[in-house]
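Accompanying notes for the structure given below.
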């Protein structure tokens, strides 16, 4: 019985990590997420002499130079990433703190869906 237990422990340790991503110490999920948010807030994008803190971005389905991104401050920006020029800008809509998701609409390529809202960009 003791031999089987050691064998199982050996097989488990060869195939599975005790802590994910080879972490040395145990961390709580909350601290990992807080560190991610702090790292994300430190990355910034500049365009047209403005600085943004992007959270999520999406490239246009048919125009690869065009992208839209949402920021941690609730702004939505459409820009050409090659020339770093802003095509369209929508400021934060009041109580919304950060953009959680966005996507270009396939049938209407000038529209972006943002957490249930639909915006029409003049492209």
- Determine which member of the set 70, 74 is part of a loop (DSSP other than H, G, I, E, B), modelled with pLDDT of 80 or more and either over 21 Å from residue 104 (Cβ atoms) or under 18 Å from the mean Cα position of the chain (by Cα) (or both). 74
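Take the residues in region 52-74 that are out of contact with any strand residue (DSSP E or B) (no Cβ under 7 Å at 6 or more places or on another chain) and in contact (Cβ under 8 Å) with a residue 12 or more places away in the chain, then tell me which one is nearest to residue 100 (Cα to Cα). Steps first, please.
Residues of region 52-74 out of contact with any strand residue (DSSP E or B) (no Cβ under 7 Å at 6 or more places or on another chain): 62-64, 73-74.
Checking which are in contact (Cβ under 8 Å) with a residue 12 or more places away in the chain leaves us with 62-63, 73-74.
On the way: 62: 23, 63: 23, 73: 11, 74: 9 Å.
Once the filter is applied, the top-ranked residue is 74.
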- Residue by residue through region 77-92, note down the ones that are surrounded by 13 or more Cβ atoms within 10 Å (Cβ to Cβ) and over 15 Å from the mean Cα position of the chain (by Cα). 78, 79, 80, 81, 86, 87, 88, 89, 90, 92
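The values are calculated or read from the model by the stated rules, or taken from the named source; none is laboratory data. All values reported here derive from a predicted model rather than from experimental measurement. Cβ coordinates were reconstructed from backbone atoms using ideal geometry, including for glycine residues, and neighbour counts include every protein chain displayed.
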